[in-house]
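Q: Sharing a structure, written as C-alpha cells. Questions coming.
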Amino acid sequence: MSPEIRTIGDDDLRDWITALATGFLRPAEASDEDIAFRKADYDPERTWGAYDGGRCVATFRSFAQELTVVGGAVVPADAVSAVTVLPTHRRRGLLSRIMANDLRAAKERGDVVASLIAAEYPIYGRFGFGPASWTTSWRIDTARAALDPRHAAPESGGRIGLATPEEVREFGPGLHDRFRVQVPGAVSRNHWWWQRDTGAVRLTGDTAGERHHAVYRSPTGEIEGLASYSYEARWEAKRPENTAHVHRLIATSPAAERALWQYLCSIDWVRHVTTGCRAPDDLLPDFLGDPRAAAVDEHSDYLWLRPLDVPRLLEARTYPVAATLVLEVEDRAGLAGGRFLLDASPAGTSCTPTTRSAELTLDVGELGALCLGDAAAGRLAALGRIQEERPGALATADALLRTARRPWCPDLF
C-alpha cells in the first residue's frame, strides 16, 4: 500500500522529529526539549508526514514568512523547510504529493511566493522553484589583511561593544527589521528564531550558547550592526592559530559593516576569520587593506523562490526604467501560469493578464530566478531556459529586472 500522507499533531511529534533527524543524517533521537520547541513553533495544518505501517518516513513543514523584494516592500511567503524522505522510501512520489498539497494551500491563502533553501540542486526545479539568490563565504587570513594592528575604535566615530544574549534578544528584532527592508532576499525572523539563535532554547546539537555578540553603535548611539561569532581554539608550538567563525553579521550602514569586520579581524590570537554566508558582491574583501586576504571558501545557490501570484510579485518591486514587457509564464502545476503585461516605471507599475502576443516565454521557476534581480534574462536565454519572442525583449527584461547590488538571504530555514 502507498504510504499515507497527512498533517501531524502533538502526539506525532516525537516520531516526526526522529524521522527528520534521520533524513538529515543526524542521530535518530528526539529530546523532550526538541518536542517542546516544536510544539511552540509549528502549525499542525502546515506540518506534514508520510506514514508507512504507522512509522513516519517523510517530513515537511511550512510557515509564514515575509520576503523583501527590490525596493524594500515585503510580500507574504510560504517558507518550506524540514523536507526529508527516508532512504527506504525514495522514488515513491512522497515529496511530490506533499509539495502539491502545500503549494495549493499557500496559493489559496494568498501567499505571493514559496521560498526554501535547497539542500540539493536538482530537486526543486520540477516544482517551479528557481535560485533567486546566491551566497559566498570567505576565509580571512588576518595577518595578510593589512589592517592597522593598533585598531581600537571604528574610524566612523562609532564604537564596538559586547552584548549578552539577553540584550541581543531585546534589540535584535528591531535591528533586523531595519536591516531586512534594505536587502532584497532577506526574510523575517520570529520570536522563536531569536530564542534559539541566542541559546535561550537549546535543541539537540545546538551550539548557539557558545557564541559571542559584538554590537556597533553609531556616533549618536544608535545600534546599527550585530556580529555573532564563536571561536575554534588551536595552538601550534606555542603560537595561536585560532579561528573566529562568524555565524551572523547584519548592518544597516556600510560604516557599521566595516567596523564589525575590522573588529573581528583584530581580535588577539585570532589567525583566521570565516565569514559564513554572505552576498556574492559583499563589501567585505574591499574593507581589507589586502582583499586577497579573503579567500573564497564556498560559492553556491541559496534562496530559491516559487512564484504563486505573478501580478502581485512583479507589482511589489520597483523598477529603474520605464518599459513594457509581455511575459508568457508556463506553470505545469497550474498555480501561477498565464500571459501578463508588465507596465513598469519608477513612478509605478501594473502587471495584468493580457491577450497581447508574448515577448518572452519562460517557466515559472525562471521567473523565480529573475524576480529579485540576480539572474540575467540574456544568460538564461543562452542556456535555453527563456525564449525571446520579440527581438530586444531580453534587453528590456534585463533593464527592468536586474539590480545594482545582488540580493542576499542571510538566514537558513
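Q: For the stretch 1-91, which GluC sites (Glu not before Pro) pass both filters: DSSP loop (anything but H, G, I, E, B) and at most 15 other C-beta atoms within 10 Å?
A: Sites meeting the loop and neighbour criteria: Glu29.
Q: Still on this structure: Please go through the stretch 263-372 and write out the chymotrypsin sites (Phe, Trp or Tyr not before Pro) that DSSP classes as loop and that have at most 15 other C-beta atoms within 10 Å.
A: Within the stretch 263-372, the qualifying chymotrypsin sites (Phe, Trp or Tyr not before Pro) (loop, at most 15 other Cβ atoms within 10 Å) are Trp269.
Q: With all protein chains present, how much of the accessible area of the stretch 284-397 (probe radius 1.4 Å) comes from carbon and sulfur, to the nearest whole percent?
A: 47 percent
Q: Report the net charge of residues surrounding Ser350, where surrounding means a beta-carbon distance below 9 angstrom and charges are Lys +1, Arg +1, Asp -1, Glu -1.
A: Value of the local net charge: -2.
Q: Tell me the net charge near Met1. Cut-off is 15 Å between Cβ atoms, Met1 excluded, with +1 for each Lys or Arg and -1 for each Asp or Glu.
A: Details: positive: Arg6, Arg55, Arg92, Arg97; negative: Glu4, Asp52.
Local net charge: +2.
Q: Sort 189-195, 140-146 by packing, meaning the average of other beta carbons within 10 Å per residue, with the highest value first. Mind dumping the intermediate values first?
A: Details: 189-195: 15.9, 140-146: 17.9.
Packing order, densest peptide first, comes out as 140-146, 189-195.
Q: A further question follows. State the volume of the convex hull built on the alpha-carbon positions of the chain, expressed per residue in Å³ and rounded to an integer. Please report the intermediate quantities before stating the final value.
A: Details: hull volume 67.1 nm³, N = 413.
Dividing the Cα hull volume of the chain by its residue count gives 162 Å³.
Q: Counting only C-alpha contacts under 8 Å and six or more residues apart, can you give the relative contact order of the stretch 211-343 as a whole percent?
A: About 15 percent, as a whole number.
Q: Find the accessible area per residue for the chain; the probe is 1.4 Å, ligands and nucleic acids are left out, and the unit is Å².
A: 45 Å²
Q: Now for a separate question. Express in whole angstrom the spacing between the alpha-carbon centres of the stretch 43-73 and the stretch 272-343.
A: 22 Å
Q: Loop only by DSSP, 16 or fewer other Cβ within 10 Å of the Cβ. Give me the GluC sites (Glu not before Pro) in the stretch 121-173 that pass, ordered by residue number. Don't jump to the answer; show the numbers that get you there.
A: On the way: sites: Glu155, Glu166, Glu167, Glu170; in loops: Glu155.
Answer by residue number: Glu155.
Q: Sticking with this structure for a sec: Averaging sequence separations of C-alpha pairs under 8 Å and six or more residues apart, then dividing by the length of the stretch 80-198, give the relative contact order as a whole percent.
A: 18 percent
Q: Let me ask something else about it. Running Debye on the stretch 1-152 with equal point scatterers at the Cα sites and no solvent, what base-10 log of I(q)/I(0) appears at q = 0.19 Å⁻¹?
A: Treating every Cα as an identical point scatterer, log10 I(q)/I(0) equals -1.21.
Q: What relative contact order, as a whole-number percentage, does the stretch 291-413 give when Cα pairs under 8 Å and 6 or more residues apart are counted?
A: Over the stretch 291-413, the number comes to 24 percent.
Q: Further question on the same structure: Given Cα positions, please report Rg to Rh for the stretch 264-321, the hydrodynamic radius being the Kirkwood one.
A: Taking Rg over the Kirkwood Rh, I get 1.18.
Q: For every other residue with a beta carbon closer than 14 angstrom to the beta carbon of Gly93, add +1 if it is Lys or Arg and -1 if Asp or Glu, then tell me the sum.
A: Result for the local shell: +3.
Q: For the stretch 348-391, would you read off the P(r) tail past 13 Å as a percentage of all alpha carbon pairs?
A: 61 percent
Q: Where the accessible area of the stretch 92-241 is counted over protein heavy atoms with a 1.4 Å probe, how much of it, in %, is carbon and sulfur?
A: Carbon plus sulfur share of accessible area: 49 percent.
The values are calculated or read from the model by the stated rules, or taken from the named source; none is laboratory data. Here the structure is a predicted model, which is why all the values come from computation and not from measurement. Reconstructed Cβ throughout: ideal geometry from the backbone, glycine too, with neighbour counts over all protein chains shown. Please note that ligands, DNA and RNA were not included when accessible areas were found on the heavy atoms of the full protein model with its side chains. Shrake-Rupley method; radii C 1.70, N 1.55, O 1.52, S 1.80 Å.
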